[in-house]
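Enquirer: Handing you a structure now.
The values are calculated or read from the model by the stated rules, or taken from the named source; none is laboratory data. Note that the structure is predicted; figures quoted are calculated from it, not measured. Heads up, the Cβs are rebuilt from the backbone with ideal geometry, glycines too, and the neighbour counts pull from every protein chain shown.
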Amino acid sequence: MRRPLGRPNLWPLYYALRDARLGAGRNLVAAVSAVLVAAFAVSLAALVFLGSDATRSAARLLREQAAMRVVLTEPSEATSPAGRAEAVARRIRALPGVASARVVPPEETLAALEEAFGGTVDLGRLFPENPFPPSVAVFLTGPDEAGALAARIARWPEVDEVVYGQKYLPAVLGLADFLRRAGLASVVGFALLGLAVTVVTWQLAVLSRLAEVRVKAWMGVSPWALAGQFAAEGALLGLAGGALAAMGLVLVVHRVELALATLLPWPLAPPRFGPLVVLCLASGTALGAAGASLALALLARREGVFR
């Protein structure tokens, strides 16, 4: 009798998860070790990711600081601030040495200032009315044209002042590029380190169950079926380690937020724990599954299990 379409066969997944649960239960010490290693690796990866995210934000802010900011004068009541700022931006785009120019509304300036405080400050509660005027962000083709361009724009009657880092522009751009590359390299490096530690731990776990692996191979279990069992077992234990890491990181972040709330005079924005928890659970599951299956493949090849 043919199985009706639209109903996937979930029994293989059920048996794989059951074998993974029984395998972890029969080897409790190895399972606990795998959970702790996964929790450590996920915590380290999450901390590095948060640090990398902070460096990317710092690099983006540095590039924004490297841009020239044209602050406009207060418009008359008959003039629209946004329309006048867009007209100034069009004039600036036509100048030589300008890569692009865009109007920065007051809301974006306020949000950028909140980001400079790491997203922990709710400036909307401090300033019920936005005190920042519209401005124009000017991105240059190179730092050499900044001085002459700033002097030219500053003579326009609509312009109050032109702000740019005339002495530090090349150094700021170089630091921004370095922070971007360092953040990416740290994420990749610590991800590989976590995978290597997980593989070594799982190699010890598989080595302690080498007799079980040989018996299943002699009974005709395919390498892919064994790899699926250990990948499912690694995913379950990695998920448990990710949950443990998520609980620890949420507790740490919450304590830090409470400490900052007592030290800083401004109100703090509520922390976002959702993305952090999802990152820990997903990375723990993936790390456990990859480490277990890779450890089985390396050990089976070295011991000649399927020959």
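Enquirer: Go through the range 32-48 residue by residue and tally those that are modelled with pLDDT of 80 or more and crowded, with 20+ Cβ neighbours inside 10 Å.
Expert: 8
Enquirer: Of the numbered conditions (1) at pLDDT 85 or above; (2) small (Gly, Ala, Ser); (3) farther than 18 Å from residue 43 by Cα, residue 259 fails exactly one; give the number of that condition.
Expert: Exception for residue 259: condition (1).
Enquirer: Now for a different question. Pick from 221, 253: which is modelled with pLDDT under 80, touching a helix residue (DSSP H, G or I) at 6+ places or on another chain (Cβ under 9 Å) and not in a helix (DSSP H, G or I)? I'd like the intermediate steps shown before the answer.
Expert: On the way: 253 fails: not in a helix (DSSP H, G or I).
That would be 221, the only listed residue that is modelled with pLDDT under 80, touching a helix residue (DSSP H, G or I) at 6+ places or on another chain (Cβ under 9 Å) and not in a helix (DSSP H, G or I).
Enquirer: If you don't mind, there's one more thing I want to ask. All but one of (1) farther than 20 Å from residue 82 by Cα; (2) part of a helix (DSSP H, G or I); (3) at pLDDT below 85; (4) of a type outside the set (A, V, I, L, M) hold for residue 108; which doesn't?
Expert: The one condition residue 108 does not meet is (1).
Enquirer: How about the range 274-307: which of its residues are in a loop (DSSP other than H, G, I, E, B) and in contact with a helix residue (DSSP H, G or I) (Cβ under 9 Å, 6 or more places away or on another chain)?
Expert: First pass over the range 274-307, keeping only residues in a loop (DSSP other than H, G, I, E, B): 304-307.
Hits for the range 274-307 are 305, 306.
Enquirer: Here's another thing I want to ask about it. Need pairs with beta-carbon distance below 9 Å; first residue in a helix (DSSP H, G or I) and within the range 26-45, second among the acidic types (Asp, Glu) and crowded, with 19+ Cβ neighbours inside 10 Å; sequence gap 6+ or separate chains.
Expert: From the range 26-45, the pairs are 31/233; 34/233.
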